[in-house]
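S.K.: Sharing a structure, written as structure tokens. Questions coming.
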Amino acid sequence: MRRGRRLWALVRKEGLQIVRDPSSIVIAFALPLLLLFLFGYGISLDAKNIRLGVALEDGGWEARDLATAFQGSSYFELQASPARQELFPLAAADELKCVLVIPQGFSAALRTPRRVAPLQLAADGTFPNTGSIAQNYSLELISQWASALEASGRSANIADANITNANIANASRADVPWVKVEPRFWYNGEMESRRAVLPGILAIIMALIGTMLTSLVVAREWERGTMEALLSTPAGALELLLGKFIPYYLLAVFSTFFNLGVVTGLFGIPFHGSLLALFCVTSLFMLSALGQGLIISTVAKNQYIASFAALMSAFLPAALLSGFVFEIGAMPPLQRAVATVLPARYLVTCLSTLFLVGDVWGVLLPNMLKLAALGTFFMGAALAGMRGRLD
């Protein structure tokens, strides 16, 4: 009974401190809102308005029609020239991301049976991801144009001259079977990168605010001397730990649902999962994040050191090793090993599933069990650190 009253007093004291201290509100609501604006509007993996140069060296109507197809696409900003020599210097100066060369004889080759009409497609490899996207968009548009030409009863024997993985070859030859592929993208049919990026951003924000809430606030108590007063009370280590954990846990969960409203309302990202599943995932993850902050606070008694430690241990690993930006399977073995003990990795998987697919418990439950195991470890380490301070 006395323990219950002591715990309630500690929780109430911490709750009043949260209300009176604006820094906790800033960390829980203002900081995530700022990060959502920065990352939500600043990060985009969609390639639009690609600066494309078309060297129209052939004067046939087929060559002009192909150039017009690029001009009518919303993905490209076209700059035409009669010679490739005028465009390649612009690509070297980063004024063009891709150059398509339609050489002499292209139209004539299209009209000749069993003859391949060559095209040269050169993409800027300075930024491989952008160059690959520009090349793929170009090849898809050429494929669609060739299919339309074939459907109209004209030949469409097109092949690339210098680029591999760009083969659109021999579409009308009688000895080559015609294969038509209809691509379909599950879960994100519009292929809008923001729908895939924002759940990962939300996971990183949760990792940051969960760690900073306890690490900074408790470090401030060490600076002011109030933490020593708490340690001198009859309250045990578990009571002190829960007295710190419960209020910031409730604040972090409320902040998560606030951020969910911003993501779905402001950015228009659909959420296909249930609020109950999100609550369960958030609760398990906050065991790790808040426990990590409590561990930092027992070691670093200075707010500056605590903020730096929270940034280094929560934000950077979550951004780099959680699978949000870089695929974990493509990482070196050491990075993959670190990622297996990173709570944000499993949170990213859960949030991506909830946002894009729904409550797929076959995916959620294994990751939730791993979050529970890591949360138990972090809370146990924080409790051991708290008992060490009492002793």
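S.K.: Check cross-link reach from residue 13 to the lysines: straight Cα distance under 23 Å, and skip same-chain residues fewer than eight apart.
M.R.: By straight Cα distance, residue 13 reaches 244, 301.
S.K.: Against the empirical 2.2 N^0.38 Å scaling, what ratio does the C-alpha Rg of region 214-294 come to?
M.R.: 1.39
S.K.: Report the extension gain between residue 330 and residue 30 in nm, rounded to one decimal, defined as 0.36 nm multiplied by the number of residues separating them, less their alpha carbon distance.
M.R.: Residue separation times 0.36 nm, minus the Cα-Cα distance, leaves 104.5 nm.
S.K.: For region 50-160, report the translational diffusion coefficient in µm²/s to the nearest whole number, using Stokes-Einstein at 20 °C, 1.002 mPa s, and a Kirkwood Rh over Cα pairs.
M.R.: 153
S.K.: Next question, about the same structure. Evaluate the relative contact order of region 50-160 (contact order divided by residue number), counting alpha-carbon pairs under 8 angstrom at least 6 apart; express in whole percent.
M.R.: 28
S.K.: Further question on the same structure: What FRET efficiency would be calculated for the residue pair residue 384, residue 266, taking the C-beta separation as r and a Förster radius of 51 Å, to the nearest 0.05?
M.R.: With R0 = 51 Å, the Cβ-Cβ based efficiency is 0.75.
S.K.: Per DSSP H run of at least 4 residues, take -39500 (n - 2.57); add these up for the chain, divide by its residues and hand me the 222 nm value, nearest 500 deg cm²/dmol.
M.R.: Value at 222 nm, helices only: -20000 deg cm²/dmol.
S.K.: Along region 77-87, what does the Karplus equation 6.51 cos²θ - 1.76 cosθ + 1.60 (θ = phi - 60°) give for ³J(HN,Hα), rounded to whole Hz, x for Gly and Pro?
M.R.: Along region 77-87, the couplings run 10, 8, 10, 9, 8, x, 9, 5, 4, 7, 9 Hz.
S.K.: Which of the peptides 26-39, 131-144 is most tightly packed, and how do the rest follow, going by the mean number of other Cβ atoms within 10 Å of each residue?
M.R.: 131-144, 26-39
S.K.: In addition: Could you work out how far apart the two model spin labels at residue 61 and residue 17 are, taking each label as a point 7 Å from the Cα in the direction of the beta carbon, and quote it in nm?
M.R.: 8.1
S.K.: For helix 128-151, what angle does its Cα long axis make with the longest principal axis of the chain, in degrees from 0 to 90 and rounded to 10?
M.R.: For helix 128-151, the angle is close to 40 degrees.
S.K.: Under 8 Å for C-alpha pairs, at least 6 residues apart: give me the relative contact order for the chain, rounded to a whole percent.
M.R.: This gives 17 percent for the chain.
S.K.: Sort the following peptides by mean Cβ neighbour count (other Cβ atoms within 10 Å, averaged over residues), highest first: 116-123, 4-11.
M.R.: Per-residue mean Cβ counts within 10 Å order the peptides as 116-123, 4-11.
S.K.: Also: Could you identify which residue out of 347, 266, 290 has the top mean-square fluctuation in a GNM of the chain using Cα springs shorter than 10 Å?
M.R.: Fluctuation is largest for 266.
S.K.: While we're looking at this one, here's another question. Over the Cα atoms of the chain, what Rg and Dmax result, in angstrom?
M.R.: 28.6, 95
S.K.: Take residue 233 and residue 147, extend 7 Å from each Cα along the Cα→Cβ direction, and tell me the distance between the two endpoints in nm.
M.R.: 6.9
S.K.: Radius of gyration and Dmax for region 1-109's Cα atoms, expressed in Å?
M.R.: Every Cα atom of region 1-109 included, Rg and Dmax give 30.0, 94 Å.
S.K.: Same structure, new question: At residue 68 and residue 377, where each label point lies 7 Å from the Cα along Cα→Cβ, what is the point-to-point distance in nanometres?
M.R.: Taking the simple label geometry, residue 68 and residue 377 are separated by 6.4 nm.
Quick note: the coordinates plus some simple rules give every number you see, no bench work behind them. Since this is a predicted model, take the numbers as computed values, not measurements. Note: ideal-geometry Cβ built from the backbone for every residue, glycine included; neighbour counts use all protein chains shown.
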